[in-house]
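Engineer: The structure is given below, and queries will be raised subsequently.
The values are calculated or read from the model by the stated rules, or taken from the named source; none is laboratory data. Since we're looking at a predicted model, the values are computed, not measured. Backbone-built Cβ (ideal geometry, glycine too); neighbour counts: all protein chains shown. Just so you know, the surface numbers come from the protein's heavy atoms only, side chains and all, with ligands and any DNA or RNA stripped out. Shrake-Rupley method; radii C 1.70, N 1.55, O 1.52, S 1.80 Å.
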Amino acid sequence: MHLISNENVNGWTGLFLWCLHGMLGSAMDCKNGGAGNVHCSISVDKLLDRAIHHSELIYIISEESTALFEETFIPKSMHAPQNNWGHCNSKTPPMPTSKSDVQQISDKWLLQSVLILIRFWMDPLKELQSSLDRYDNAPSALLNKTKWISTKLMNLKEGVLVLIKKMLDEGTLDPGNSVSLTSFMVPSDETEYVLRDYSLLTCFKKDAHKIETFLKLLKCRQTDNLSCSLF
């Protein structure tokens with residue numbers, strides 16, 4: 001069982017509140033702006049570490065949510081095969097398939113791809129919440145986990161926008177709702193609702209892993225660009 005402490009689940013807002021209490025120590029760069037105003041910033045390394053930590057937790061909870069949904073609603077014969085995501089219709093940025101692909105992609109591409117992935121899933125996850133609320137027997141743990149994911153995905157988006165501003169000096173980069181959402185089937189009965197929601201969860205888990213991988217690759221590139229690889 002994965003235990004998530006209060007420190008783990010505090011959002012990006014907590015990062016900036018920590019500055020006021022001096023809890024980040026040497027990671028923070030604070031300057032006196034005069035008139036009693038102290039301005040603090042956080043290093044890119046610390047921001048990346050926090051983003052990676054958030055993405056790891058989101059992926060862990062997405063795994064747990066999918067497993068709980070399977071256990072509650074899906075017969076074993078219909079469980080999605082491990083690492084088989086052929087049924088997903090995601091039009092999000094692809095995972096590089098070779099070492100040469102990894103070497104050719106830029107830091108900008110990685111950050112933009114993470115942001116696109118996050119934006120891509122915001123509406124489908126809200127739809128999932130509405131759908132699960134209509135279930136008669138949805139476990140409260142499943143409802144809580146999926147709501148947690150939606151909240152933390154928003155937190156992660158805010159952090160990634162800060163990273164984009166710091167690393168790319170592009171403070172306005174935010175694709176908004178212009179990215180097409182995944183096309184899931186329109187259910188005609190209760191069984192199809194269950195299968196639609198199961199497909200949504202399994203496909204999100206795939207993209208949550210992709211977000212984590214892209215951020216870890218970006219972090220690696222800050223120290224040793226030549227040896228960084230997904231393979």
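Engineer: Could you grab me the full set of residues in the range 200-214 that are open to solvent by 10 Å² or more (accessible area, probe 1.4 Å) and more than 15 Å from residue 105 (Cα to Cα)?
Structural biologist: Listed by number, the residues that qualify are 205, 206, 209, 212.
Engineer: Go through the range 109-150 and report how many residues are of a type in the set (S, T, N, Q) and touching a Pro at 6+ places or on another chain (Cβ under 9 Å).
Structural biologist: Summing the residues that are of a type in the set (S, T, N, Q) and touching a Pro at 6+ places or on another chain (Cβ under 9 Å) in the range 109-150 gives 3.
Engineer: Still on this structure, please answer the following. How do the pairs read when you match residues in the range 195-214 that are under 13 Å from residue 57 (Cα atoms) and aliphatic (A, V, I, L, M) with residues anywhere that are open to solvent by less than 10 Å² (accessible area, probe 1.4 Å) and not in a helix (DSSP H, G or I), using Cβ under 8 Å and keeping only pairs 6 or more apart or on different chains?
Structural biologist: Once the first residue is under 13 Å from residue 57 (Cα atoms) and aliphatic (A, V, I, L, M) and sits in the range 195-214, no partner that is open to solvent by less than 10 Å² (accessible area, probe 1.4 Å) and not in a helix (DSSP H, G or I) comes close enough.
Engineer: Suppose we keep only residues that are of a type in the set (S, T, N, Q) and open to solvent by 40 Å² or more (accessible area, probe 1.4 Å) within the range 147-189. Which one would you say is modelled with the highest pLDDT?
Structural biologist: 151
Engineer: For the range 128-149, enumerate the residues that are assigned to a helix (DSSP H, G or I) and either within 19 Å of residue 54 (Cβ to Cβ) or without any contact (Cβ under 8 Å) to a residue 40 or more places away in the chain (or both).
Structural biologist: Within the range 128-149, 129, 130, 133, 140, 143, 144, 145, 146, 147, 148, 149 meet the criteria.
Engineer: If you don't mind, another one. Quick one: would you say residue 217 is surrounded by 17 or more Cβ atoms within 10 Å (Cβ to Cβ), in a helix (DSSP H, G or I) and either modelled with pLDDT under 85 or in contact with a Phe, Trp or Tyr (Cβ under 7 Å, 6 or more places away or on another chain) (or both)?
Structural biologist: no
Engineer: I've got another one for you. Could you please find all residues in the range 60-81 being under 25 Å from the mean Cα position of the chain (by Cα) and of a type in the set (Ser, Thr, Tyr)?
Structural biologist: Hits for the range 60-81 are 62, 65, 66, 72.
Engineer: Restricting to helices (runs of 4 or more DSSP H) lying wholly in the range 5-105: which have 3 or more residues that are polar (S, T, N, Q) and either surrounded by 12 or more Cβ atoms within 10 Å (Cβ to Cβ) or modelled with pLDDT under 90 (or both)?
Structural biologist: 44-73, 99-104
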